[in-house]
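Data first, discussion second: the structure below is written as structure tokens.
The values are calculated or read from the model by the stated rules, or taken from the named source; none is laboratory data. The structure displayed is predicted, hence computed values, not measured ones. Don't worry about glycine lacking a Cβ; one is built from the backbone with ideal geometry, like all the others, and counts go over all protein chains shown.
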Amino acid sequence: MITAYHRPQTLDEALTLLARPNTFPLGGGTLLSHPSADSVQVVDLQALGLNQIKKSGNSLEIGATVTLQQLLESELCPDALKRAIKLEAPLNIRNAATVAGTIVACDGRSTFVCGLLALDAKLAIANRKSEIVNLGDYLPLRPRGLITSITIPMNVKSAFEYVARTPADKPIVCVALAQWPSGRTRLAVGGYGKAPMLAMDGDVDPSPGGRGIQGEGVEAAARNAFHEAKDEWASAEYRQDVAATLAKRCLDNLKA
Amino acid sequence: MNITLSVNGTEHAIECAPSETLFTVIRRLGFYGVKFGDEQGWTGADTVLLDGKPVNAGSMLAAQAEGHNIVTIEALGEHPDQGWKKTEGLHPLQRAFVESGAIQCGYCTPAQILAAKTLLDKNPNPSEDEVREAISGVLCRCTGYLKPVQAVLRAAAILRGDEPVSWDAVNWDFGKPPEVGPEANESPSDQFASLLTKPKVVVTPQTQAWQVVGKPEKKVDAVKLVQGKPAFAADIEKRGMLVAKVLHSPHAHARIKSIDTSKAKALPGVAAVLTWQDLPRVVWSTAGQSDPIPGPLDTFSLDNKVRFVGDRVAFVAAETAEIAEKALTLIEVEYEPLPAILDSADAMKPDAIRIHDEPEYVNFADSDPARNVAAKIRIDIGNPDKGFAEADHIFEGEYSVPKVQQVSIEPHVCVTYWDEDDRLVIRTSTQVPFHVRRMLAPVLNLPVKRIRVIKPRIGGGFGGKQEVLMEDVAAHLTIATKRPVIYEYTREEEFIAARSRHPMKIWMKTGVKKDGTITANEMRVLSDTGAYGCHALTVTGNTGHKAMALYVGDGEYRKQPNIRFYADVVYTNTPPAGAFRGYGVPQGYWPVERHMEKIARALNLDPIEFRLKNAIHPGEYHPFSTAWNEGREPRPEIIHTVGLEQCVAQGKAAIGWDSKYGNEEWHRNVPSTKFQVTSEKHGTWNMEHGTPSSAKRKGIGVALVMQGTAIPYLDMGGASVKMNDDGSFNLLVGATDLGTGSDTVIAQMVAEVLGVPLEDIITYSSDTDFTPFDKGAYASSTTYISGAAAVRAAEMAAERIKVRAAKMLGEVEYSNIRLSNRQAIAPSGKSVSLAEIALDTLHKNEQEQIMGIGSYVSPSSPPPFAAQFAEVSVDVETGAVTVDKLVMAVDSGVIVNPLTASGQIEGGMTQALGYAVCEEMRYDDKGNAIERDLDRYHIFRADEMPELETIFVETFEPSHPFGVKAVAEIPMDGVAPAVGNAVLDAVGVNIDDNPITPEKIWRALKGK
């Protein structure tokens, strides 16, 4: 049960409040507003001005309280990430849920976080001292601390593919691929487990017919990531095979 | 805490708890257009506009909304004529929803309209895809979204000033033969035709002179629903009303050794805690059916044993929901866990534990609780063994269908209170108000006459509310506390503690001659009723009664069909199954129509010709009517009207069957899937889905189906019609409009008889104190049974009107007077208005109240028929299947209202589509439900729908005054097998276990 609601006007004030025990940041409220047996206090971040999307050089800085729909509608958002956002939740929820809240609460079926993971998103976390944390490092433990922004690169090509029971259903398997001009290629997979997984982060020669691990390596990485990924939605065998197929399609999309 | 909320332009100072959601607070302020659908926001029924954007009021704290502008449906339009005060009337969006038939139950309508308003405020000329995207946050289980999308496009045109907005809601066909080919339906007659398909009605000649019946009239309840008026069960305020909650079992099977409620009772704000020790031990069945219940009595309000995870353990009533929830955690229960049966295949094993060992158990027919058998059916028609012996080929196959949920967007909800006469009032969202009253009387130890059941508007039911599921909880607590009590299911309770469609394992055997003549057909079923036997016998009986009746064979076999239907309905420790639209028949048509497709292909026969060759003809007996009648004495029925061949012709033309079936080029020609994204700044654009064309194949499939119309010699409906001073009429029906439009179509028939426009009929349903008895809304019966009753009542009133008119006109013979255009007209041409007649009879001469009463029970159950077509794309690498188009051509007799009827077909096909590809309720090895919300249990959204097309091929059913048959359930029957057959057509694999999921196709393709 929520016992106190705070709406601080400054980041410092918010951090002071969040230092209290059993006190949590409130983004859109799409999850925290639900009844809970635990007594908690919430700190609403809406007045902190963290709802901006800014381009800075080759990076895009997304404020923590930017809503999913706000990002979806931004012309700065990569197309592949838009597709992933649209699958994350229906419109009403996208209008309220924030990007940071979605990261904090995500499970393996989060298409948005899968897309961010491929893009090697960095989280700015304000605590006693501010720090920048890789999303991939954050997800396993999700330490306390206030996420203030998420930064993704803009000079990369990206693709996203999924398989679900229906076009708008949560994915059984999803794959996001990002490729930097240098050839660095990151592959993230989702649809299973507690968080999307990083399947590959390495150099791939992007030139047609170029040397390097190319498609086979990407497919193998996708397959390996789902080695034991069996749950009520699909077998590991299916996920492995389909993830490889989807990874190849992503790679083909990037080449196109 | 104190906050100020700006709602619809007015500031409201509010004291609320920090944990209160905007939903709770805004309804407390009286804005009842905001509805509860679920806690997580998947339904969107609780939509409000926050600074112009649709959000879920139940998924944000009230305090978060401070400083923002909140808009609810109440800010839009209102009734234009309020006595001496005139208003601007309804908002164009509201008008368009009313006029387009976009409202069925109306529970999600305010949310859809608000979401659409956001779009139109920014984009006055949206595309269909943009409209679908805009309302995609609001789930609708009734409409299939087609008419809401049409309504938004229509409103957009009106708001843009595109006058005149030409619009005919129906594509009428007065006898022109269907054109063949994919281009057949491309005949735009108005500006929306290129975007959206309208229902087609092939009109039967008898109907063309009617004034009201057969016309796309506006629903009689639409204006209140479109305004979000407090019309539903929960939309009521009672002083001192308590909130009920139920403690559900965490065990699949256990005895309750002890319960200590002392801590819960001591919690401030708790008014009552009830356990099995507090209540009289009355055994009953919760199945909402006529007396005697055709099933075992095996249920108690509370028992000392729990039989599934979610079963009832204790009831709590408290001042608030939070206190009640807290009290549940303070009840200390000691369980003795027992072995659980979770697989129906284990239920009848010799060493299986007995689930029902209570001495009060009352058997019905062949139920046998010692073997965990709730019902057993053995039907042999003709001589099946002889038929098999005469066959050239025997085809056998095994199939299965899953447990699925009704998912009415309004959950089960009721309010109980004592009135000033010490009578218990039960205001409940039910399909069966009269059964609720009769069945609860012994459970509550009250005589029937001291119970009043009020059925307000219902936010969808689909069979789930043909159950006295939870009214007893609130009633017991009102008796215990003397206070009003509201009990509203959470969405999780809908999944763990409501009813569902029976899952079944089915084995088929069919004997066929070389020429395709079916010589014998056999189905054996193992049906899982869950922990209680509600509807166990009748649902499974219908599986055979309808699905195995369609194909009788040909030639000599047609005269004496050989059919066998054997079923065992067993108890398991899972949530009980029950009634769900289709009532066992969808479970039957999955195996029958998959099986027929395989046989046709194996014998190299045209799948449609093979089916029609063996299908039942008019003038033949319904084969099962000679053998089975829901546990009662069978009475043979002749089927008079079968429009199946016309349905096939129309459906084939609409989907372009002849140009696609067997056309390899068409099967390979799959464009890459588009995926759309809508941007505020950039509108909608398409992004290529990465699936290469070479990885996809298209397929086309068909299924023929038949349903029933009411239960013969049993289902009874009553109605009364009373004339008012101005020549209008009160129509009182016990029938239960659960969003289907039955109030409207019944009123249309009454208006036709009385010669008045529909607006002169004031319809009220239903209240056990005021309206005549009706058995309720189930078995596709209301238009046929309750409609016939209302026609009889209207005819009685009409006769008195004519008698009085004859006197006023100086005519000798009254029978030649006809009623039309609010006039009684003599053959001479002289006329007198109904208003004048009313004033004369009520105030002036030989005063009398002109009224009529009628009731109707049918000696037959004339089946509707349909041809269901599906077109799919299959990704051969991943197994993903996309349903691209569904066409259903239906013979439902005469269509009283093409708008409401086509809404039934579109919505039914959409529910059935979920049954085909994604809906499934599963349990872990402890009996815990895996699906507990609408995230995991996915139902179709507006932005992922295939194209839907509805065609009505009218026949005139001679057993009904207006020639009608049923329409409500038949759309559930054919979609899944048609999709399964289309997948076979696309990629050559058979999926026999429903639903058709990507991994199943992938495994079949890989030969795994």
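Quick notes on this one:
- Lone qualifier among B:Val979, B:Val987 - being away from chain A (no Cβ under 14 Å) and touching a strand residue (DSSP E or B) at 6+ places or on another chain (Cβ under 8 Å): B:Val987
- Residue count for the stretch A:49-65, restricted to those that are in contact with a helix residue (DSSP H, G or I) (Cβ under 7 Å, 6 or more places away or on another chain) and crowded, with 22+ Cβ neighbours inside 10 Å: 3.
- The listed residue being surrounded by fewer than 23 Cβ atoms within 10 Å (Cβ to Cβ), in contact with a Gly (Cβ under 6 Å, 6 or more places away or on another chain) and in contact (Cβ under 8 Å) with a residue 40 or more places away in the chain, out of B:Arg452, B:Arg438, B:Arg483: B:Arg483
- Test set (1) in contact with a Lys or Arg (Cβ under 8 Å, 6 or more places away or on another chain); (2) buried (at least 24 other Cβ atoms within 10 Å of the Cβ); (3) not aliphatic (A, V, I, L, M) - A:Asn127 fails condition number: (2)
- Of residues in the stretch B:752-776 being part of a strand (DSSP E or B) and of a type in the set (A, V, I, L, M), the one surrounded by the fewest Cβ atoms within 10 Å (Cβ to Cβ): B:Ile762
- Among the candidates B:Glu944, B:Glu999, residue that is farther than 17 Å from B:Arg501 by Cβ and under 25 Å from the mean Cα position of the chain (by Cα): B:Glu944
- Of B:Ala375, B:Ala327, all but one fail to be away from chain A (no Cβ under 14 Å), surrounded by 17 or more Cβ atoms within 10 Å (Cβ to Cβ) and in contact with a Leu (Cβ under 9 Å, 6 or more places away or on another chain); the exception is B:Ala375.
- Residue, nearest to the other protein chains (Cβ to nearest Cβ), within the stretch B:900-923, restricted to residues that are over 17 Å from B:Gly980 (Cα atoms) and aliphatic (A, V, I, L, M): B:Met921
- Selection status of A:Arg109, within 19 Å of B:Leu61 (Cα to Cα), in contact (Cβ under 8 Å) with a residue 24 or more places away in the chain, charged (D, E, K, R) and facing chain B (nearest Cβ under 9 Å): no
- Restricting attention to the stretch A:142-190 and to residues that are touching a residue at least 24 places away in the same chain (Cβ under 8 Å) and among the hydroxyl-bearing types (Ser, Thr, Tyr), the residue that is nearest to the other protein chains (Cβ to nearest Cβ) turns out to be A:Tyr162.
- Elements of type strands (runs of 3 or more DSSP E) contained in the stretch B:197-284, each with 1 or more residues being out of contact with any Lys or Arg (no Cβ under 8 Å at 6 or more places or on another chain) and among the hydroxyl-bearing types (Ser, Thr, Tyr): B:254-260
- Breaking point among (1) within 9 Å of chain B (Cβ to nearest Cβ); (2) closer than 21 Å to A:Ala96 by Cβ, for A:Leu45: (1)
- Flag: B:Tyr583 matches the condition of being aromatic (Phe, Trp, Tyr), closer than 30 Å to B:His253 by Cα and assigned by TED's automatic domain parsing to the domain that holds B:Phe388.
- Every residue from the stretch B:854-894 that is of a type in the set (Gly, Ala, Ser) and either in a strand (DSSP E or B) or within 14 Å of chain A (Cβ to nearest Cβ) (or both): B:Gly854, B:Ser855, B:Ala866, B:Ala867, B:Ala870, B:Ser873, B:Gly879, B:Ala880, B:Ala889, B:Gly893
- The residue that is surrounded by the fewest Cβ atoms within 10 Å (Cβ to Cβ), counting only those in the stretch B:602-627 that are free of Cβ contacts under 8 Å to residues at least 24 places away in the same chain and assigned to a loop (DSSP other than H, G, I, E, B), is B:Asn604.
- Here B:Lys238 clears all of (1) of a type in the set (Lys, Arg); (2) surrounded by 23 or more Cβ atoms within 10 Å (Cβ to Cβ); (3) under 15 Å from B:Ala474 (Cα atoms) except the condition numbered (2).
- Of the residues making up the stretch A:1-42, those that are in a loop (DSSP other than H, G, I, E, B) and facing another protein chain (nearest Cβ under 9 Å) number 12.
- Test result for B:Glu88, more than 14 Å from every other protein chain (Cβ to nearest Cβ), modelled with pLDDT of 95 or more and either more than 22 Å from B:Thr143 (Cα to Cα) or surrounded by fewer than 21 Cβ atoms within 10 Å (Cβ to Cβ) (or both): no
- Of everything listed in (1) touching a Leu at 6+ places or on another chain (Cβ under 9 Å); (2) within 14 Å of another protein chain (Cβ to nearest Cβ), the single unmet condition for B:Glu78 is (2).
- Flag for A:Leu72 being under 30 Å from B:Ser136 (Cβ atoms) and either among the basic types (Lys, Arg) or in the same structural domain as A:Pro143 (by TED's automatic domain parsing) (or both): yes
- Options B:Glu931, B:Glu947; residue that is over 24 Å from B:Pro898 (Cα atoms) and among the acidic types (Asp, Glu): B:Glu931
- Residues of the stretch B:38-61 satisfying the condition of being charged (D, E, K, R) and either in contact with a helix residue (DSSP H, G or I) (Cβ under 6 Å, 6 or more places away or on another chain) or at the interface with another protein chain (Cβ under 7 Å from one of its Cβ atoms) (or both): B:Asp38, B:Glu39, B:Asp46, B:Lys53
- Residue that is nearest to the chain's Cα centre (by Cα), among those in the stretch B:967-996 that are surrounded by 21 or more Cβ atoms within 10 Å (Cβ to Cβ) and of a type in the set (S, T, N, Q): B:Asn994
- With respect to (1) in a helix (DSSP H, G or I); (2) surrounded by fewer than 20 Cβ atoms within 10 Å (Cβ to Cβ), the lone exception for B:Ala838 is condition (2).
- Listed by first and then second residue, the pairs linking a residue in the stretch B:79-100 that is charged (D, E, K, R) to a residue that is surrounded by fewer than 21 Cβ atoms within 10 Å (Cβ to Cβ) and in a helix (DSSP H, G or I), with Cβ atoms under 8 Å apart and 6 or more places separating them unless they lie on different chains, are B:Arg95/B:Ile158.
- Within the stretch B:142-194, if we keep just the residues that are surrounded by 23 or more Cβ atoms within 10 Å (Cβ to Cβ) and more than 30 Å from B:Trp657 (Cβ to Cβ), the residue that is modelled with the lowest pLDDT turns out to be B:Arg154.
- Residue identified as of a type outside the set (Gly, Ala, Ser), over 22 Å from B:Glu237 (Cα atoms) and within 14 Å of chain A (Cβ to nearest Cβ) among B:Ile14, B:Ile70, B:Ile26, B:Ile103: B:Ile70
- Residue in the stretch B:952-962 that is surrounded by fewer than 19 Cβ atoms within 10 Å (Cβ to Cβ), in a strand (DSSP E or B) and away from chain A (no Cβ under 13 Å) present: no
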